[in-house]
Amino acid sequence: MDPRDVARIIQGGLDDWPSDPERMVALFTDDARMEYPYAPEADFPAFPKVIEGKDRIRTYYHDAAQYIGEYRYLDWKEWGCHRLEGTDTYFFAYSARGSVRATGTDYRQDLFLFARMRGEKVSFYREFWDPYVALSTFGLIAVVPPL
């Protein structure tokens, strides 16, 4: 599959997923695996490093939707899109902007994603994001003043 087609499919689930988490869940195969390598799981259980299976993915997105307001992603036509040669794995670079429901605070992330496809479904999803931005924006850690 062309990387741009995969980007379009993935953005269709990602874009404003908090308003309809099932749209995001529908992207995945039943046995999908999600990984967030930079997630600080040990101290913040709401940010897991690994989520396995569509049922757990569903729970994750429905729970997270309670905290994130409208969350829009850069149009897929502007994503960095690459296919790893000889594989069904793709690499994407994009950004997103939303808000924290409780405070209205602006939430922005620059993201990198490795996604493995099985047909038009995602079977493996490894997303890299900045945990400092997430934790400080959601008020889970204090912003440290410059030295």
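For A39, are the conditions met, namely being under 15 Å from the mean Cα position of the chain (by Cα), under 13 Å from K121 (Cβ atoms) and open to solvent by less than 50 Å² (accessible area, probe 1.4 Å)?
When the stated conditions are applied, A39 does not pass them.
I need the full set of residues from region 37-59 which are touching a strand residue (DSSP E or B) at 6+ places or on another chain (Cβ under 6 Å) and under 15 Å from D20 (Cβ atoms), in order please.
I57
Out of the residues in region 24-40 meeting the condition of being of a type in the set (G, A, S) and over 15 Å from H62 (Cβ atoms), tell me which one is modelled with the highest pLDDT.
A32
Yes or no: region 53-73 includes at least one residue that is in a strand (DSSP E or B) and basic (K, R).
Taking every residue of region 53-73 in turn, at least one turns out to be in a strand (DSSP E or B) and basic (K, R).
Just to be sure before I move on: is L84 more than 12 Å from the chain's Cα centre (by Cα), farther than 17 Å from R116 by Cβ and open to solvent by 20 Å² or more (accessible area, probe 1.4 Å) in the structure I sent?
Against the criterion (more than 12 Å from the chain's Cα centre (by Cα), farther than 17 Å from R116 by Cβ and open to solvent by 20 Å² or more (accessible area, probe 1.4 Å)), L84 does not qualify.
Please enumerate the residues belonging to region 64-79 that are farther than 17 Å from G13 by Cβ and either of a type in the set (D, E) or out of contact with any helix residue (DSSP H, G or I) (no Cβ under 9 Å at 6 or more places or on another chain) (or both).
E78, the sole residue that qualifies.
Test of understanding: among T59, T89, which residue is hydroxyl-bearing (S, T, Y) and either touching a Gly at 6+ places or on another chain (Cβ under 8 Å) or touching a residue at least 12 places away in the same chain (Cβ under 8 Å) (or both)?
Every option except T89 fails the conditions.
Where residues in region 99-147 are among the acidic types (D, E) and either without any contact (Cβ under 8 Å) to a residue 12 or more places away in the chain or assigned to a loop (DSSP other than H, G, I, E, B) (or both), which of them is most open to solvent (accessible area, probe 1.4 Å)?
The extreme case among them is E120.
What residue, of Y61, Y67, Y90, is open to solvent by less than 20 Å² (accessible area, probe 1.4 Å) and either more than 17 Å from E120 (Cα to Cα) or not aromatic (F, W, Y) (or both)?
Y61
Out of all the residues in region 40-61, is one or more touching a helix residue (DSSP H, G or I) at 6+ places or on another chain (Cβ under 7 Å) and of a type in the set (D, E)?
no
The values are calculated or read from the model by the stated rules, or taken from the named source; none is laboratory data. Being a predicted model, the structure only gives us computed values, none of them experimental. Note that we place each Cβ from the backbone using ideal geometry, even for glycine, and neighbour counts take in every protein chain shown. Ligands, DNA and RNA are excluded from the accessible area calculation, which covers all protein heavy atoms including side chains. Shrake-Rupley method; radii C 1.70, N 1.55, O 1.52, S 1.80 Å.
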